[in-house]
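The values are calculated or read from the model by the stated rules, or taken from the named source; none is laboratory data. Values in this document were obtained by computation on a predicted structure and should not be read as measured data. Ideal geometry is used to build each Cβ from the backbone, glycine not excepted, and the neighbour counts take in all protein chains shown. In case anyone asks, the SASA skips ligands and DNA or RNA and just uses the protein heavy atoms, side chains included. Shrake-Rupley method; radii C 1.70, N 1.55, O 1.52, S 1.80 Å.
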Amino acid sequence: MKKIVIIPAYNEISNIDTTVKDILENAPGFDYVIINDCSQDGTMRFCTEQGMNIINLPVNLGIGGAVQTGYLYAWRNGYDVAVQFDGDGQHDAKYLNAMADFLEEQNADMVIGSRFITKEGFQSTGMRRFGIRYFSILIRLMTGQTVLDPTSGMRMVNRSVMKIYSEDYPVDYPEPESVVMILNMGKKVCEVPVIMRKRQGGVSSISPGRSVYYMIKVTLAILMERLRKRRSC
């Protein structure tokens, strides 16, 4: 299988080198592409100087637009498997081969690297854990499916989901909404345990002040996705 890692990056100059080296050393069967979302900190210059595989967006599209660009790149270049992998150093590439094997063995459409199966490693802050739990309950109510880590940025998909996401992908804080989207299409979503690290450098785009907006926005988006499914039935 042709496999690729999609790395959305905004102001990740302190983390991107470590992230790419981790993939090259621990997941050599995977290609990678960095989607630089108009970083202002020299990320583009550094990646270009190092000869990294990078797409530079002409305007800032946010995480949703950056990830969708990666899916479109993967689809057009004939990849069978694509995995989102944050550029902040939190994810560990040693899990990627096991995730790909699980995706194939279970005939799954998406495999999520979950922090909350074995509850090892960095579990995020208390407030974010509350939000994650809230979205997990909401998704179960809306779809009947349990997803323990719906905000995980470490998500692997097959080619069918890759095509869906290349054509339609949420713009803002897309992880929970995009999971609901494919669950409503009857796709099979599984989780595997992974250990994540704290952000290795830089600053998260989700500040405490934006957390309330995040929860309201994503809740409304999930409810609208549910309504869209009912209208199509």
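ILE63 passes all but one of (1) modelled with pLDDT under 95; (2) among the aliphatic types (A, V, I, L, M); (3) in contact with an Asp or Glu (Cβ under 6 Å, 6 or more places away or on another chain); which number fails?
(3)
Exactly one condition in (1) open to solvent by 70 Å² or more (accessible area, probe 1.4 Å); (2) assigned to a loop (DSSP other than H, G, I, E, B) is false for MET127; which is it?
MET127 satisfies all of (1) open to solvent by 70 Å² or more (accessible area, probe 1.4 Å); (2) assigned to a loop (DSSP other than H, G, I, E, B) except (2).
Checking the condition part of a loop (DSSP other than H, G, I, E, B) and free of Cβ contacts under 8 Å to residues at least 12 places away in the same chain, which residue from THR146, THR151 passes?
The conditions single out THR146.
Could you look through segment 90-124, keep only residues that are of a type outside the set (A, V, I, L, M, F, W, C) and in a helix (DSSP H, G or I), and pick out the one that is nearest to LYS3 (Cα to Cα)?
ASN97
If you take the residues of segment 174-195 that are over 11 Å from VAL147 (Cβ atoms), over 15 Å from the mean Cα position of the chain (by Cα) and touching a residue at least 12 places away in the same chain (Cβ under 8 Å), which of them is least open to solvent (accessible area, probe 1.4 Å)?
ASN184
Looking only at residues that are open to solvent by 20 Å² or more (accessible area, probe 1.4 Å) and at pLDDT 95 or above in segment 149-165, which one is nearest to GLY78 (Cα to Cα)?
ARG159
Take segment 13-28 and flag every residue that is touching a residue at least 60 places away in the same chain (Cβ under 8 Å), under 16 Å from ASP92 (Cα atoms) and not in a helix (DSSP H, G or I).
ASN15, ALA27
Hey, can you tell me all the residues within segment 166-204 that are of a type in the set (A, V, I, L, M, F, W, C) and at pLDDT below 90?
Result: VAL171, VAL203.
Could you list, in sequence order, the residues of segment 43-77 that are more than 15 Å from the chain's Cα centre (by Cα), of a type in the set (Val, Ile, Thr), part of a helix (DSSP H, G or I) and crowded, with 19+ Cβ neighbours inside 10 Å?
The answer is THR43, and nothing else.
Please specify each residue of segment 130-148 satisfying the condition of being buried (at least 17 other Cβ atoms within 10 Å of the Cβ) and of a type in the set (Val, Ile, Thr).
ILE132, ILE139, THR143, VAL147
Mind listing whichever residues of segment 66-90 are in contact with an Asp or Glu (Cβ under 8 Å, 6 or more places away or on another chain) and more than 15 Å from ILE34 (Cα to Cα)?
Listed by number, the list holds a single entry, TYR79.
Testing ASP31 on (1) surrounded by fewer than 21 Cβ atoms within 10 Å (Cβ to Cβ); (2) not in a strand (DSSP E or B), one condition comes back false. Which one is that?
(2) is the only condition that ASP31 fails.
Show the residue pairs that are 6+ apart or on different chains and have beta-carbon atoms under 8 Å apart, the first residue being within segment 83-102 and under 21 Å from GLU12 (Cα atoms) and acidic (Asp, Glu), the second being open to solvent by 10 Å² or more (accessible area, probe 1.4 Å) and part of a helix (DSSP H, G or I).
From segment 83-102, the pairs are ASP92/ASP22; ASP92/ASN26.
Of all residues in segment 1-12, how many are open to solvent by 40 Å² or more (accessible area, probe 1.4 Å) and either without any contact (Cβ under 8 Å) to a residue 40 or more places away in the chain or not in a loop (DSSP other than H, G, I, E, B) (or both)?
0
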